[in-house]
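Below: the structure, in structure tokens.
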Amino acid sequence: MKLIGEKVVVRNLTRADVPMLVKWKNDPEIADLVRGAPINTTFEIENRRFTRGMDDHDTLRLIIETLPGKPIGFISLGDIDRDNHKAEVGMLIGEKEYWDGGFGTEGLKLLLEYLFFEMDFNRIGLEVFEYNTRAKKAYQKIGFKVEGIVRQGLFRKSRYYDIFIMGILKQDFAELLK
Ligand SMILES: CC(C)(COP(=O)(O)OP(=O)(O)OC[C@H]1O[C@@H](n2cnc3c(N)ncnc32)[C@H](O)[C@@H]1OP(=O)(O)O)[C@@H](O)C(=O)NCCC(=O)NCCS
């Protein structure tokens, strides 16, 4: 898969991307903002995950790269529910100098366009931690809506935080493209 935008390309993860993924996931600032326990991952763990992913048709693992071909981030589409035409997305821009430049939102928009109009998905959901105001803003710009709050759903650094459940429907996205 290769989705080409004005700033980024979204393409399948390859084994050559694994070291980059390890670097991004081990960045404490990023680990604080994404799902999964904030523990150090290793090349071996991510390499095994990559191998397992090759047989896993319920998860899509993608790289966001700049047009000149520099990998800057990662998107994973999981919990793919074909009966109900929905899935959950997680993402990170790992190269932090690209934060706030519109790269993440363009990458996710390209993916949504593909999922809604070529793959017949109807709903994409995600979770955002209450303190991740940048991500919440970025997702709202795309058209995601806050659908609920998991009160104190996250325990980090000795305290509880809420988790925002956000979602976008094909009809919301189509409306925004008009
Ligand atoms: C969240 C993320 C994917 C967004 O991608 P991005 O390319 O940086 O997003 P954009 O530049 O399109 O939009 C970010 C917006 O947040 C705004 N913003 C930045 N810091 C903010 C803050 N502290 N509070 C509110 N808004 C903020 C920016 O100004 C920008 O809005 P604008 O375009 O209206 O100026 C990316 O920043 C990222 O990967 N962050 C770290 C990991 C992470 O949080 N992943 C998501 C987990 S749910």
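Summarising the overall dimensions of region 135-178 from its C-alpha atoms, the Rg and Dmax are 13.5, 45 angstrom.
In terms of distances greater than 23 angstrom between alpha carbons, the cross-link table entries K7/K178; K96/K170; K7/K141; K23/K137 yield K96/K170; K23/K137.
Based on the alpha-carbon gyration tensor of region 35-135 and its eigenvalue square roots a ≥ b ≥ c, which shape applies: rounded if a/c is under 1.5, prolate if not and a/b is larger than b/c, or oblate? Cα axes put region 35-135 in the rounded bin. Full extension of the segment from T14 to K141, taken as 0.36 nm per residue of separation minus the current Cα-Cα distance, would add 42.8 nm.
Using the Cβ-Cβ distance between L154 and E118 with R0 set to 25 Å, the FRET efficiency from 1/(1 + (r/R0)^6) comes to roughly 0.15.
Contact order normalised by length for region 1-108, with contacts defined as Cα pairs under 8 Å and 6 or more residues apart; what percent is it? RCO, region 1-108: 28 percent. For the chain, the residue among F155, G102, I168 whose Cα projects farthest onto the positive side of the dipole built from Cβ charges is F155. Taking the alpha-carbon centroid of each part, what is the distance from region 78-118 to region 131-150 in angstrom? So the separation of the two Cα centres works out to 13 Å. Charged side chains reduced to their Cβ positions (Lys and Arg at +1, Asp and Glu at -1) give the chain a dipole of some 320 debye around its Cα centre.
Distances between every pair of Cα atoms in the chain, grouped in 5 Å steps from 0 to the bin holding the largest one, split as 1, 8, 16, 21, 22, 18, 10, 3, 0, 0 percent.
All of the numbers you see were taken from the coordinates with simple rules; none came from a lab. The structure presented is a predicted model; accordingly, all values stated were derived computationally and were not measured. Virtual Cβ from ideal backbone geometry, glycine too; neighbours counted across all protein chains shown.
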